[in-house]
1. Identify, by number, the condition in (1) crowded, with 16+ Cβ neighbours inside 10 Å; (2) within 16 Å of the chain's Cα centre (by Cα); (3) not aromatic (Phe, Trp, Tyr) that residue 112 doesn't meet.
2. Quick one: residue 105 ticks every box in (1) farther than 19 Å from residue 7 by Cβ; (2) part of a helix (DSSP H, G or I); (3) under 16 Å from the mean Cα position of the chain (by Cα) except a single one, so which number is it?
3. Could you tell me how many of the residues in segment 135-152 are closer than 20 Å to residue 81 by Cα and small (Gly, Ala, Ser)?
4. Please identify the pairs in which a residue from segment 24-44 that is free of Cβ contacts under 8 Å to residues at least 40 places away in the same chain has its Cβ atom under 7 Å from the Cβ atom of a residue that is surrounded by 15 or more Cβ atoms within 10 Å (Cβ to Cβ), counting only partners at least 6 apart or on another chain.
5. Pick from 69, 96: which is without any contact (Cβ under 8 Å) to a residue 60 or more places away in the chain, of a type outside the set (A, V, I, L, M) and within 30 Å of residue 140 (Cβ to Cβ)?
6. Looking only at residues that are in a helix (DSSP H, G or I) and among the acidic types (Asp, Glu) in segment 122-170, which one is modelled with the highest pLDDT?
7. Pairs only if they're at least six apart or on different chains, beta carbon under 7 angstrom, first in segment 1-22 and open to solvent by less than 30 Å² (accessible area, probe 1.4 Å), second part of a helix (DSSP H, G or I) and at pLDDT below 90; list them, first residue then second.
8. Exactly one of (1) over 21 Å from residue 128 (Cβ atoms); (2) of a type outside the set (Gly, Ala, Ser); (3) surrounded by 14 or more Cβ atoms within 10 Å (Cβ to Cβ) is unmet by residue 54. Its number?
Amino acid sequence: MKSRALIAYVLAWFLLGVVAATVLSSAGPIFHDRILGGTAFAALRETLQSRGAWVALAESDKMWASLASGQPGIVAGISAVPSIHVAISVWILLVSREMAPRAVPYAACYVVFIWVASVALGWHYATDGLVGSLGMLGIWSISTRLQAYLDHRFGVCFPPKADTSGLRLP
């Protein structure tokens, strides 16, 4: 199970966070007016300012400055589709379902919280979270098959089980 979880995590960052984010390049509502002009989402920024969401505004400003300067830094990406925030929270839910079933209700609440917050803060549209969720479910399925293939192909479990044949119990 741990190997499948790790495989899914790595695949999510690569397939959703790099490949899909490049192919589906877009920007969330917080960047809409800066990219397309106009004031369609001016009220969003004003609302965030009035409610003290200074971290979200500061981070979006850093991301925009990085993009506009042409010298990307650590916070350079502004792609909204798919939502890697929601995808990783769904990963947490899937892993908890297998490894810590009593944590599932908390993990489910976390998915909802992240999805709603990512929309409320303007990072994503609601559909971005849907694409991230469906993407993670697909990756989870792929990682299950990949784990089974690796186990079959190499004849060992990943991680390998300890060889206890030479141990004698008292």
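The values are calculated or read from the model by the stated rules, or taken from the named source; none is laboratory data. Note that the coordinates shown come from a computational prediction; the quantities given were computed from them, not determined experimentally. Reconstructed Cβ throughout: ideal geometry from the backbone, glycine too, with neighbour counts over all protein chains shown. Calculation scope for accessible area: heavy atoms of the full protein, side chains included, ligands and nucleic acids excluded. Shrake-Rupley method; radii C 1.70, N 1.55, O 1.52, S 1.80 Å.
1. It is condition (1) that residue 112 fails.
2. Single failed check for residue 105: (3).
3. Keep residues of segment 135-152 that are closer than 20 Å to residue 81 by Cα, which gives 135-140.
Now restrict to residues that are small (Gly, Ala, Ser): 135, 138.
So the answer is 2.
4. As it stands, the answer is 32/41; 33/41; 34/64; 35/27; 39/33; 40/32; 40/33; 42/33, since those pairs meet every condition given.
5. Numbers: 69 fails: within 30 Å of residue 140 (Cβ to Cβ).
The unique qualifying residue is 96.
6. Step by step, filter segment 122-170, then rank; the result is 128.
7. Cβ pairs passing all conditions: 3/147.
8. (3)
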